[in-house]
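Presented below is the structure to which this report refers.
The values are calculated or read from the model by the stated rules, or taken from the named source; none is laboratory data. Everything numeric here is computed off the predicted structure, so don't read it as measured data. No Cβ is skipped: glycine too gets one built from the backbone with ideal geometry, and neighbour counts run over all protein chains shown. Protein only, heavy atoms only, side chains kept; ligands, DNA and RNA dropped before computing areas. Shrake-Rupley method; radii C 1.70, N 1.55, O 1.52, S 1.80 Å.
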Protein chains: 2
Amino acid sequence: MYIGIDLGGTNIAVGLVDENGTIIHKDSIPTNASRHYSEIIRDMAQLSLKVIEDAGYQLKDIKSIGIGSPGTPNNEKGILVYANNLQFYNVPMREEMQKYIDLPVYIENDANCAALAEAVAGAAKDVNNSITITLGTGVGSGIIINKKIYSGFNYAGGELGHTVIVMDGEQCTCGRKGCWEAYASATGLIRQTREAAVKNPDSIINKLVDGDLDKIGGKTAFDAAKKGDPVGQKVVETYIRYLAEGIVNVINAFQPEMLVIGGGICKEGDYLLKPLRELVKDKVYSKDIPQTEIRIAQLGNDAGIIGAAMLGK
Amino acid sequence: MYIGIDLGGTNIAVGLVDENGTIIHKDSIPTNASRHYSEIIRDMAQLSLKVIEDAGYQLKDIKSIGIGSPGTPNNEKGILVYANNLQFYNVPMREEMQKYIDLPVYIENDANCAALAEAVAGAAKDVNNSITITLGTGVGSGIIINKKIYSGFNYAGGELGHTVIVMDGEQCTCGRKGCWEAYASATGLIRQTREAAVKNPDSIINKLVDGDLDKIGGKTAFDAAKKGDPVGQKVVETYIRYLAEGIVNVINAFQPEMLVIGGGICKEGDYLLKPLRELVKDKVYSKDIPQTEIRIAQLGNDAGIIGAAMLGK
C-alpha cells in the first residue's frame, strides 16, 4: 500500500492506494495556503495517518508516501524548489514530513503525477511511452518514458504548455508570447470565446450566458456550436486547430505510443476528439509508420493522488 | 573496434572507430543514389572491408557495424522504412549487409547518430542527457537520454525541426506551415537574407555577392553584419530570435543538461552564441535552478560515422 498526496493551492487530498493504482480510501482538507509550510506539511502528515486508520490499515502496511505538488520539486534532495501559488521556496518537504511519519517520501510535480497515474492505471496503462496533457487553467503535461517520469536533468522538464506555437503571439503567464498554453488551455478557449462574443453580439454565445461575458466557460463555445451557432462553431474549430498544432509538435518530438488528454474540455468527447484526430493525422511528420494514439484521460481528479502514490512503486 | 557507415544522398563514408569514438581510419565513395539498394549496400559492405584492411585490422577485430541513414529506420527489424532522398522504402538493410559481412548490424537515423557521437565523444560527453541540433539544409536533431538515442515508440521521434513556432507561417517541406526548420535552418537564413537584400538594394549584402542573389549563403548576412551593415545586422538578429525561440521550446520540454548546436552556421562562434545564450536565459520557463548549457558541436562531419559506430557499443 502507498500514500499519495495531492497538494493543491486550495485543498490537500490524500489517498491510500494499492499497487495497481486503485484508491482504497481518500480524504481532503483545505490547504489554507497562506500559512507557513511547516503547518501545511503537518496537516498533510496528520491527514495521511487519518486516511490509513480510517481505511483499517496500519503504518506498517504502507511502503512509501508520494507528494504531488505544483512547481518544481527536486526529489533527489527532497525539496520543493519553488511553487508560486503556495509561496514555497526551497521547502524541505521530505524532512518535514518525516518528522511525523518515518517512511520514504517522494516528491514530484503534479502534472507529472497525473501522467504517471494514467500510465500506471489509466488510459496509457498498456504502453511504455506516453504523454498526458491536461487542459485546464494552463496546459499541464507529463512525459512518461519506460513507465517512468521524464523531467530532464533538473526535474523541470515536461513543460510542453510553455512551447511557443505563435511567435510574438498572445502574452503567456510565463513571460513569453505565443505559448501553446495561451491558446489551448481552458483559459485560452474562454478568451477566444469572449472575443468572438464581443465581435458578434447576436451569437448564441451571448444568449447562453445571459449577456454576461464573465459567465463564459470552457463549455460555452461548444454548447453554442452544438446548437448550430456559426460563431461558436468557428471558435471551436479554431481552438481545435491550436490544440492540434501543439499536439503534432509533441508527437514529432516524442512519438509517444499514447497521447492522453485530460481536463474539463475532454468532456466534449468525440466532438473534440474526432476533428482533432483528423488534423493530427494530416499534419504529423512521419506518416507511413505506426501512429501515436490519442485518448481521453480516465482518472480525472484522482490522477494526482494515484500518481503521487505510484512514485514509490 | 566498430565500423560506422554514414549513408548520404551524395557519399557513403565509412570509418573504423575505437570504443572511445575515435576514428582510426576512414574512406568514402559516391553513393550514386539512383541505383538499386542492393548495389548501394554491396558498396557499403565492400568499402567497410577495405577500411578494415587498409587500417591493418581483420574482421574478427570488429564488434559490429552501424549505419546512419536519412529517413526513418526500424532497428528492431533491421529495415530502413523510408528515406526520400535515396528512394528507399522498406529496404532490408541488415539482411543485405549480412550477405557480405557476418556481424551485428544496427541502423539509425543520421541526425540521431550525430547526437550520439557528440554524447559519446564530443561536446556532450560529460553529461547523460543531451540534445544535438544541426543547422543545415534543414534543422536536424537527436535526443540522448541516459547516453542512448530516444526516438519514441516507432523510431521516428526527435524531429524537433518539425515543430511549428509560427502557426500558419512559412511553408515547410514537411507540409506544415511555420516549422522551426523553415526559419532556423541555413536554408531559412538564406531566404531571410535574400528577402532583405531585395528590399534593401543598397545593403552590403548585395555587394558581397556582386548583386547575384543566388550566391547568398549562410555566412552572407553574418559577414555583412560584421562590416556594420544595419540590414545584415537586422537579418542576423531576427535569425537568432527564431533560433532561440525553438531552443527555448526544446529546453522547456526536455531540460537536457547540454544542448549542442552543429552545422556551418556554428562557425560564427560567439557572434552567434552570445546573443543566443542571452535570449535563451531570458526566456526559459524555470529560472532559479540549474540551466541547460549551450555548446557548439565538436565532431563536424565525422559525427555521422562516429555515432553510427557507437550504435553497437
Quiz item: Identify, please: which residue in the range A:169-180 is in contact with a helix residue (DSSP H, G or I) (Cβ under 9 Å, 6 or more places away or on another chain) and open to solvent by 30 Å² or more (accessible area, probe 1.4 Å) and is, among those, nearest to residue A:84 (Cα to Cα)?
Solution: A:173
Quiz item: Hey, among A:211, A:218, which residue is among the small types (Gly, Ala, Ser), within 30 Å of residue B:254 (Cα to Cα) and not in a helix (DSSP H, G or I)?
Solution: A:218
Exercise. Please specify each residue of the range A:103-157 satisfying the condition of being assigned to a loop (DSSP other than H, G, I, E, B), of a type in the set (Gly, Ala, Ser), open to solvent by 10 Å² or more (accessible area, probe 1.4 Å) and away from chain B (no Cβ under 14 Å).
Key: A:136
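To keep it simple, each residue is scored yes or no on (1) among the hydroxyl-bearing types (Ser, Thr, Tyr); (2) over 20 Å from residue B:153 (Cβ atoms); (3) without any contact (Cβ under 8 Å) to a residue 40 or more places away in the chain.
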| position | (1), (2), (3) |
| --- | --- |
| A:238 | yes, yes, no |
| A:253 | no, no, yes |
| A:258 | no, no, no |
| A:264 | no, yes, no |
| A:279 | no, yes, yes |
| A:297 | no, no, no |
| A:306 | no, yes, no |
| A:310 | no, yes, no |
Self-check item: Residue count, the range A:199-208 (criterion: part of a helix (DSSP H, G or I) and open to solvent by less than 20 Å² (accessible area, probe 1.4 Å))
Solution: 1
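For the range B:191-198, does any single residue satisfy the condition of being in contact (Cβ under 8 Å) with a residue 40 or more places away in the chain, of a type in the set (D, E, K, R) and crowded, with 18+ Cβ neighbours inside 10 Å?
Step one: list which residues in the range B:191-198 are in contact (Cβ under 8 Å) with a residue 40 or more places away in the chain, which gives B:192-193.
Those left that are additionally of a type in the set (D, E, K, R): none.
There is no residue in the range B:191-198 that is in contact (Cβ under 8 Å) with a residue 40 or more places away in the chain, of a type in the set (D, E, K, R) and crowded, with 18+ Cβ neighbours inside 10 Å.
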Exercise. Among what's in the range B:244-267 and is open to solvent by 20 Å² or more (accessible area, probe 1.4 Å) and assigned to a helix (DSSP H, G or I), pick the residue that is farthest from the other protein chains (Cβ to nearest Cβ).
Key: B:267
Quiz prompt | Out of A:145, A:133, A:165, sole residue that is of a type in the set (Val, Ile, Thr), within 15 Å of the chain's Cα centre (by Cα), modelled with pLDDT of 95 or more and under 15 Å from residue B:253 (Cβ atoms) | solution = A:133
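Mind counting the residues in the range A:88-102 that are aliphatic (A, V, I, L, M) and either in a strand (DSSP E or B) or under 13 Å from residue A:59 (Cα atoms) (or both)?
The total comes to 2.
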Self-check item: residue B:84 being open to solvent by 30 Å² or more (accessible area, probe 1.4 Å), within 24 Å of residue B:173 (Cβ to Cβ) and modelled with pLDDT of 90 or more
Solution: no
Exercise. Enumerate the pairs (first residue in the range B:17-32 and β-branched (Val, Ile, Thr); second residue anywhere and open to solvent by less than 60 Å² (accessible area, probe 1.4 Å) and part of a loop (DSSP other than H, G, I, E, B)) with beta-carbon separation below 8 Å, excluding pairs fewer than 6 apart on the same chain, so at least 6 apart or on different chains.
Key: B:17/B:1; B:24/B:1; B:24/B:18; B:24/B:55; B:31/B:8; B:31/B:9
Exercise. Hey, could you check the range B:268-309 for residues that are open to solvent by 10 Å² or more (accessible area, probe 1.4 Å), assigned to a loop (DSSP other than H, G, I, E, B) and at pLDDT 95 or above and say which is farthest from the other protein chains (Cβ to nearest Cβ)?
Key: B:299
Quiz prompt | Lone unmet requirement of (1) within 13 Å of another protein chain (Cβ to nearest Cβ); (2) over 17 Å from residue A:68 (Cβ atoms) for residue A:185 | solution = (1)
Practice problem: Determine which member of the set A:79, A:40, A:52, A:65 is crowded, with 19+ Cβ neighbours inside 10 Å, farther than 24 Å from residue A:123 by Cβ and over 24 Å from the mean Cα position of the chain (by Cα). | Solution: A:52
Exercise. Kindly indicate the residue of the range B:158-179 that is facing another protein chain (nearest Cβ under 7 Å) and in a helix (DSSP H, G or I) and also farthest from residue B:131 (Cα to Cα) among those meeting that condition.
Key: B:162
Quiz item: So, of the residues in the range A:222-243 that are within 14 Å of another protein chain (Cβ to nearest Cβ) and open to solvent by less than 10 Å² (accessible area, probe 1.4 Å), which turns out to be farthest from residue A:201 (Cα to Cα)?
Solution: A:243
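Residue-by-condition table, conditions (1) among the hydrophobic types (A, V, I, L, M, F, W, C); (2) part of a strand (DSSP E or B):
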| residue | (1), (2) |
| --- | --- |
| B:5 | yes, yes |
| B:9 | no, no |
| B:12 | yes, yes |
| B:26 | no, yes |
| B:34 | no, no |
| B:43 | no, no |
| B:48 | no, no |
| B:53 | no, no |
| B:66 | no, yes |
Practice problem: Report, by residue number, each residue of the range A:87-97 that is away from chain B (no Cβ under 13 Å) and buried (at least 17 other Cβ atoms within 10 Å of the Cβ). | Solution: A:91, A:93, A:94, A:96, A:97
Quiz item: Using beta carbons and a limit of 6 Å, which pairs, at least six apart or on different chains, have the first residue in the range B:167-189 and in contact (Cβ under 8 Å) with a residue 24 or more places away in the chain and the second one in a loop (DSSP other than H, G, I, E, B) and of a type in the set (Gly, Ala, Ser)?
Solution: B:181/B:138; B:185/B:138; B:186/B:136; B:186/B:218; B:189/B:218
